[in-house]
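Visitor: Below you will find the structure I want to go over with you.
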Amino acid sequence: MTPREFDEDDVRIRPKRSSRPRTKDRPDYTKADLARVVAVDRGRSTCLIEGGENIGRIVTAMKARELGKKSVVVGDVVRIVGDISGSEGSLARIVAVEPRANVLTRTVEDDAGFERMIVSNVDQLAIVLAVANPEPRHGFVDRALVVAFDQAIKPLIIMTKCDLADPSEFLAPYIDLGIDHISVQRGSDLTELRTKLAHKRTVLLGHSGVGKSTLVNALVDQANRATGDVNDVTGRGRHTSSSAVALELNEKNGWIIDTPGVRSFGLAHVERSRVIGAFSEFKEAIEHCPRNCSHDEADCALNSMITDPTALARLANLRGLLREGKLGS
């Protein structure tokens with residue numbers, strides 16, 4: 001059999017994928033409108049334009065593809081382009097997220113490597129707890145304080161349902177630390193609370209059923225945040241808020257951000273040294289610890305220098321966090 005000779009029809013030339021030359025130039029968005037994200041729901045962000053001729057306009061936007069996996073959360077200051085008319089059905093694009101002053105995050109305990117952002121750019125973290133039903137937990141407060149101190153956010157403890165019990169005993173260790181606090185109950189005068197919220201962006205953090213949404217409805221007209229009860233079997237609150245939302249106070253002199261109730265608040269993302277720094281009452285004793293002390297060993301100075309029952313309870317929380325990467329539920 002005679003071998004066949006090749007000709008030009010046997011040579012296939014792959015066409016170029018694109019005739020468009022590559023460039024490193026990127027669009028310049030420095031003059032795009034600045035807006036504050038006030039809600040995020042199913043890929044759509046509600047933004048409030050903060051400058052220029054469109055100041056105060058509410059715009060719906062989606063994250064641009066060039067932002068990749070970068071998250072957009074309530075509190076972010078972003079740059080938006082496209083249709084910023086705010087009319088029904090319009091959709092703008094978020095093309096840049098400005099540098100954040102701080103971020104409130106938690107580690108999802110089912111996956112210690114997954115860090116979830118809750119909100120950004122806040123002045124105050126209000127840790128909301130009920131005196132009873134559900135019972136308050138020092139471990140949760142200590143976790144929240146670690147993140148607040150780590151991100152330079154002012155903490156505020158709000159005790160609700162104070163008609164059911166006296167919150168003084170629970171608050172005692174935090175009063176000694178100088179943590180700002182306030183006690184309220186349904187129908188009580190909120191003048192003092194309004195004063196503490198004035199001229200600040202405050203995020204409410206707490207378990208389901210402690211009364212966060214009830215507070216929001218009392219502080220903001222027509223907020224209409226859904227409220228729920230506590231499960232009689234588990235003692236836990238039922239989730240009523242499904243997403244974070246920022247709302248302007250009635251006095252127009254501050255904002256509060258209502259967040260979904262949290263089941264857990266992991267801290268695996270916070271460095272060990274910064275966790276220890278959040279327990280300021282132990283600073284002097286720790287200076288007497290041996291080098292590279294784990295603070296959970298026989299030679300630890302905390303063993304002999306900390307004797308007060310309240311301080312010992314706080315020390316147990318600190319050691320639990322350092323040992324297990326969490327403070328307990």
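Rule-based calculations on the coordinates, nothing more; no lab input. The structure displayed is predicted, hence computed values, not measured ones. Neighbour counts run over all protein chains shown; Cβ positions are idealised from the backbone, glycine included.
Visitor: Add +1 for every Lys or Arg and -1 for every Asp or Glu among the other residues with Cβ under 13 Å from the Cβ of residue 251, and state the total.
Guide: Local net charge: +2.
Visitor: Going through the stretch 53-141, which trypsin sites (Lys or Arg not before Pro) have at most 13 other Cβ atoms within 10 Å and a DSSP loop state? Don't skip to the end; give the middle numbers.
Guide: Working: sites: 57, 63, 65, 69, 70, 79, 93, 100, 106, 116, 137; in loops: 57, 69, 70, 100, 137.
Within the stretch 53-141, the qualifying trypsin sites (Lys or Arg not before Pro) (loop, at most 13 other Cβ atoms within 10 Å) are 69, 70.
Visitor: Collect residues whose amide H, placed 1.01 Å from N in the peptide plane, falls under 5 Å from the amide H of residue 207; neighbours closer than 5 in sequence don't count.
Guide: Distant-sequence amide H within range of residue 207: 262.
Visitor: Next question, about the same structure. Rg/Rh for the stretch 273-324 to two decimals, with Rh computed the Kirkwood way over all alpha-carbon pairs. Don't jump to the answer; show the numbers that get you there.
Guide: On the way: Rg = 10.0 Å, Rh = 11.0 Å.
Expressed as Rg/Rh, it is 0.90.
Visitor: Report the label-to-label distance for residue 34 and residue 253 in nanometres (one decimal), using points 7 Å from each Cα along the Cα→Cβ vector.
Guide: Using points 7 Å along Cα→Cβ, the separation is 2.4 nm.
Visitor: Please list, in chain and number order, the residues 5+ apart from residue 301 or on another chain whose amide H is under 5 Å from its amide H, with Hs placed from the backbone.
Guide: Here 289 satisfy the definition.
Visitor: For the ranges 304-316, 191-203, 153-165, what's the packing order if you count other beta-carbon atoms within 10 Å of each residue, average per peptide, and put the highest first?
Guide: Sorting 304-316, 191-203, 153-165 by mean packing, highest first, produces 153-165, 191-203, 304-316.
Visitor: What does the charge count around residue 30 come to, taking other residues whose C-beta lies under 12 Å from its C-beta (Lys +1, Arg +1, Asp -1, Glu -1)?
Guide: 0
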